[in-house]
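Here is the structure we will look at.
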């Protein structure tokens, strides 16, 4: 009969825990995964955000330059553009190639017949050359399309008025677009990338320890000796489990702080990032993630116990973090409406909650409770399976 | 004292042990000998509770190895066949780890560790990490951690296999010392001369059964042979896998 409340057993569990923490603190690989790997995601994201912020906000200060090919064909249009605050510059002779090479973001092509048609009040042609695969190109073409649309409307209004028709009658809607993603805020989309990065890291943090203390111990030939000590097998596993959980927690905390500092650094211009992830947020995130850490480590122990060798365990567990991170990665591009049932699924519920916390959306207590309770329950069930696997005679052989 | 009563063990369809009976008494070195695959390691694993017998039972100082495994584990010290160390822990930390798992603490534990380091001549490696230890050094650490709790019963699986002469001698001295202190030593080996020279009683295993048991003299008498190799070979049915 398993006795969970024996003081002596817990003292011995703590001995195992202490040993594994010390042993792995001397291992460069364990430390790398717990302390350095978690910095990668925040670093990458911060660099990306700061680049986007630079691109989207730099154009505001300087007077905009527009490269035009065929300035001589559309003097009216060019004059209007200059009046609107644009510096018009003659484009190179091969504008397509110039845009392709990235010498400029856009070139406006004015058709040689432009003035002729324009004067006859026929539809005159202009084209825009742009490379939309580049973010600055996309922003530039957006701005140019807006400008040309405005010109179109101005000319159209004038022509209609000349015919004695009230311009207002033909314009039932006056569309003013208010772009909420002004300037730096365009990079808010990057906040959606935070949850999958956290989930990935969470499933990585203690993985080396889980392998080292199970398949590693078996492969080194130290497991059998260890089993001949007066500590029940579930206790032995619990000590190792707690050590792996500690390393996972350290990895998660390191990453959360890296996100905080990264965002603070890139968000100094007063964007949403400088407010993201207060200390309270970090504490909440950690608590909301804790059941998932238990889930991850339980799963790692099951796999590490079942595999025959260190290498085999490493292969499976190296792939494991990708699986729970997938929903989060998909949601970067296709966010979902949160439903209650989603909160019962480990990894998925945390992805949703993480997103809400990071984006400072309203969080429902019922959702948090469902997520914590659901994942905790499943984790405990997995932990019991892991303990059962530890009890098998074949533990010393693996498989 | 270790008593095995009618132990049976099967791995899927392979019969490993088929009704093993023997007793290893206190104050004696009992040798368990047999060709490869005779069931020596399985018998030891059942005694030290890593495996359960399919039938029969093992008593260690009167405690049943299945239902009182925790008591049994406190009464035995084991040098198993697989005796890997943790490469990042020092020799002293290995012994301390096992001592703590046996509930030892503080000055009591530290002085026991110090005594073992001295007995086994480990002063030089005591505070070195185990990575790169020689076979002999590994064996000494494994022995020390098996002895830290002063067990009444000592189980040794091929303790001198691959050791140099000096290290083998240290192990032999230790075995004698334990016996003279009135402890029960179960010594498992396939090196015939070693078993014959240091064991008080010998149990010969062959194909999962006890082929014979007794002192060297009794076994010689039983087989009518004088050369120790011939004695064991004849008892194991001329098995060539020694």
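What share of the DSSP beta bridges in the protein assembly as shown is antiparallel, in percent to the nearest 5? Don't skip to the answer; put the middle values down first.
Details: 26 of 52 bridges.
Percentage antiparallel, nearest 5: 50.
I need the shape label for the stretch A:60-170. Rule: rounded when a/c is under 1.5, else prolate if a/b > b/c, else oblate, with a, b, c from the alpha carbon gyration tensor. In terms of gyration-tensor shape, prolate. For the residues A:149, A:239, A:374, a GNM of chain A with alpha-carbon springs under 10 Å puts the largest fluctuation on A:149.
Computed from the C-beta positions of residue B:124 and residue A:22, the FRET efficiency with R₀ = 22 Å rounds to 0.45.
When the P(r) is computed for the protein assembly as shown, the part past 32 Å accounts for 63% of the Cα-Cα pairs. Once the Cβ-Cβ distance of residue A:315 and residue A:122 is raised to the sixth power relative to R0 = 45 Å, the FRET efficiency obtained is 0.05. Of all DSSP-defined beta bridges confined to the stretch A:60-170, some 40% are antiparallel rather than parallel.
For the peptides A:190-197, B:112-119, what is the packing order when you average, over each peptide's residues, the other Cβ atoms within 10 Å and list the highest mean first? Before the final figure, lay out the partial values.
Details: A:190-197: 22.4, B:112-119: 17.9.
Highest mean packing first, the order is A:190-197, B:112-119.
In terms of its Cα atoms, the stretch B:87-205 spans 41, 30, 22 Å along the principal axes, sorted from long to short. Can you give the relative contact order of chain B as a percent, counting alpha carbon pairs under 8 Å and 6+ residues apart? Relative contact order of chain B: 28 percent. Result for chain A in a Gaussian network model with C-alpha springs under 10 Å: among A:135, A:322, A:285, the largest mean-square fluctuation is at A:135. Computed over the protein assembly as shown, the per-residue total of -39500 (n - 2.57) for DSSP H runs of n ≥ 4 gives a 222 nm mean residue ellipticity of -16500 deg cm²/dmol, rounded to 500. Mean partner shielding of peptide A:5-12, defined as the number of other chain Cβ atoms within 10 Å of each residue Cβ, is 1. Per-residue mean of foreign Cβ neighbours for B:98-104 is 6 (Cβ atoms of other chains, 10 Å radius). Which shape class, rounded, prolate or oblate, goes with the stretch A:215-263 when its Cα gyration tensor gives a ≥ b ≥ c as root eigenvalues, a/c under 1.5 marks rounded, and past that a/b bigger than b/c marks prolate? Note, shape of the stretch A:215-263 comes out prolate.
A quarter of the convex hull surface defined by the alpha-carbon atoms of chain B gives 13.1 nm² as the mean projection.
Remark: mean inter-chain Cβ contacts per residue of B:78-90 equal 6, using a 10 Å Cβ-Cβ cutoff to other protein chain atoms. Model label points for residue B:131 and residue A:36, set 7 angstrom from Cα along the Cα-to-Cβ axis, are 1.4 nm apart. With an 8 Å Cα cut-off and a minimum separation of 6 or more residues, compute the relative contact order for the stretch A:60-170 in percent. Reported relative contact order: 22 percent. Going by the alpha-carbon gyration tensor, a ≥ b ≥ c the square roots of its eigenvalues, is the stretch A:233-363 rounded (a/c under 1.5) or, if a/c is not under 1.5, prolate (a/b greater than b/c) versus oblate? Cα axes put the stretch A:233-363 in the prolate bin. Hey, in the GNM for chain A with a 10 angstrom Cα cutoff, which one of A:141, A:297, A:207 fluctuates hardest? Fluctuation is largest for A:141. Once the C-beta distance of residue A:162 and residue A:111 is scaled by a Förster radius of 22 Å, the resulting FRET efficiency is 0.40 to the nearest 0.05. P(r) tail for the stretch B:17-98: Cα pairs beyond 20 Å make up 43% of the total. Reducing the stretch A:111-164 and the stretch B:188-226 to their Cα centroids gives an inter-centroid distance of 105 Å.
FYI, it's all coordinate maths here, none of it is from the lab. Keep in mind that this is a model prediction, so the values were computed, not measured. Here the Cβ is made from the backbone with ideal geometry for all residues, glycine too, and neighbour counts use every protein chain on show.
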